[in-house]
Amino acid sequence: MKPRKIVPQLEDEIANPSKKIIFLWGPRQTGKSTLLNHLRHKHGGAYFNFDDLNDQKLFVPELEKLRSVIAQKNGGKDSRIIFIDEIQNSPESTQSLKLLADRSDYIIFATGSSELRAKTRQFDTLAGRYKEFLLFPLTIDEIAIFHEDKISFEKSLSFANRDLLSRHLEENMIYGGYPAVILADNKIEEIKNITQNSVVKDIVNIYDLKNTDLIYNLLRVLAMQIGNLINIAELASSLKTTTTTIDNYLSILAKNRVIYLLEPSRTNKRRGYLGRKKVFFYDLGIRNALIDDFRALNLRSDLGAVFENLIIMGVLRQNIYERNNNKIYYFREISGSQKEIDLIIETPQGSKTGYEIKLHGGKPNIFPELQIAEYGTISKENAPDFLI
């Protein structure tokens, strides 16, 4: 298995779990099953795959039967660790998970897709018994490792490593970070396949959406508007549907981590945009596949928006992987020059840093009323710092 930077955190949980159950969620095709299999081969344990109905049927909410099945799945030996793949296929298994968490000392490591996790509330009945992790498409240093570059996961980069990772920026901005895409000979074919079969079709089927064309057309419109403020009324009008439908579809796409809606700052109600969110895609390969645009960066008119998308999602991913509880948002004036600051990062202690995001550099706008402690610019030169 190619190294993934989330692995040490998962290893720590298996060695000394703070909860009895460890969930690893994420979009399909991001490498969850690969990680699970790596960990079970390393640590040993009982393995269940809930894509298999027989494995689902074995997982009954009766403690002694569960103990027997777990031992059987581990070659007749008792096992402290239980690995379950595709757990979202059996939400009713939460009864058995709760039983094991309350009345045994098993470590349960389970993976599942964000799509089905977002639809069901049954996993929430396990509150207080689990810890959740989220797996994203590849970080830029993971992409480098997939290409056999000699680099290790570091929280801060040396000049040499920053320069090395910069070489992968264009690939990341065009093809995204799905592992199968990075390793594919035909990257365009692979990302189109993932877009159609693991994003659009999955969401249509899971939510039983009746209008397939509408969700696809909405995704295409959003893909052309990355970095822009979305207007639900305008979307509804252009797609000939209701604002309620658009609002519902946006919620589904956001919960399933296809799109990310960046909130505006609410610090100054008089001058700041309220309620108008900016749209970004979790993976730029998916975005580019939706509009069928895989041109080199020097040929693109949307280069600034693509770079902004890359950085916003890189910062979001860092926040989640590091579990630092930072908030991110933007600020734009309503009147006058409509000056804007692309990204504000606020720590739990209330300290704020504001950034201008420009591929070739620029100066950030200053807003004294926002009480931002420090300002900076994110450009091609320092972009890898926000993408590892």
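Students often check this: by mean Cβ neighbours within 10 Å, which of 148-159, 376-387 ranks highest, and how do the rest follow?
Per-residue Cβ counts within 10 Å, averaged per peptide and sorted highest first, yield 376-387, 148-159.
Of the beta bridges DSSP finds with both residues in the stretch 255-388, what % are antiparallel, to the nearest 5?
Rounded to the nearest five, the antiparallel share is 70 percent.
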How many percent of the accessible area of the stretch 110-216 is carbon or sulfur, using a 1.4 Å probe? 46
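Could you order peptides 364-374, 82-92 by the average number of other Cβ atoms within 10 Å of their residues, highest first?
Put in order of decreasing packing, that is 82-92, 364-374.
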With the chain treated as a Gaussian network of Cα nodes joined by springs under 10 Å, which of Asn319, Asn211, Asn309 yields the largest mean-square fluctuation? Asn211
Please count, across the stretch 22-76, the pairs of lysine residues with Cα atoms under 18 Å apart that sit 8 or more places apart or on different chains. 5
In this structure, among Lys19/Lys77; Lys2/Lys192; Lys98/Lys277, pairs with alpha-carbon gaps over 32 Å are Lys98/Lys277
Using the Cα atoms of the stretch 1-148, I'd like the radius of gyration and the largest Cα-Cα distance, Dmax, both in angstrom. 15.0, 47
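Hey, can you find the accessible area per residue of the stretch 50-110 for me, probe 1.4 Å, expressed in square angstrom?
Value for the stretch 50-110: 47 Å² per residue.
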Under the Karplus relation 6.51 cos²θ - 1.76 cosθ + 1.60, θ = phi - 60°, what is the ordered set of whole-Hz ³J(HN,Hα) values for the stretch 347-356, x standing for Gly and Pro? 7, x, 7, x, 6, 10, 10, x, 10, 8
Leaving out ligands, DNA and RNA, and with a 1.4 Å probe, what % of the accessible surface on the stretch 276-362 is carbon or sulfur? 46
In terms of modelled amide H atoms, which long-range or inter-chain residues lie less than 5 Å from the amide H of Gly26? Gly112, Ser114, Leu135
Helix-only mean residue ellipticity at 222 nm for the chain, each DSSP H run of n ≥ 4 adding -39500 (n - 2.57), per residue, nearest 500: -11000 deg cm²/dmol
Pairs of Cα atoms under 8 Å, at least six residues apart: use those to get the relative contact order of the chain, whole percent. 15
For Asp149, the residues 5 or more places away or on another chain with a placed amide H closer than 5 Å to its own amide H are none
First compute the accessible area of the stretch 11-108 with a 1.4 Å probe, then give the percent of it belonging to carbon and sulfur atoms. 43
Under-5 Å amide H pairs with Tyr375, H placed in peptide plane, nonlocal only: Gly354
Apply the Karplus parameterisation 6.51 cos²θ - 1.76 cosθ + 1.60, with θ equal to phi minus 60°, to every residue of the stretch 194-207 and state each ³J(HN,Hα) to the nearest whole Hz, in sequence, with x for glycine and proline. 5, 4, 6, 9, 10, 10, 5, 5, 4, 5, 4, 6, 5, 9
Keeping every protein chain present and rolling a 1.4 Å probe, give me the accessible area per residue for the stretch 123-273 in Å². 48
Separation between Cα centres of the stretch 154-187 and the stretch 346-388, rounded to whole Å: 22
Leaving out ligands and nucleic acids, note down the accessible area per residue over the stretch 335-388 with a 1.4 angstrom probe, in whole Å². 50
What's the ranking of 186-198, 133-145 by average number of surrounding C-beta atoms within 10 Å, highest first? 133-145, 186-198
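The values are calculated or read from the model by the stated rules, or taken from the named source; none is laboratory data. Values in this document were obtained by computation on a predicted structure and should not be read as measured data. FYI the Cβ positions are ideal-geometry reconstructions off the backbone, even for glycines, and counts take in every protein chain you see. Side chains are part of the model used for accessible areas, which takes the heavy atoms of the whole protein and leaves out ligands, DNA and RNA. Shrake-Rupley method; radii C 1.70, N 1.55, O 1.52, S 1.80 Å.
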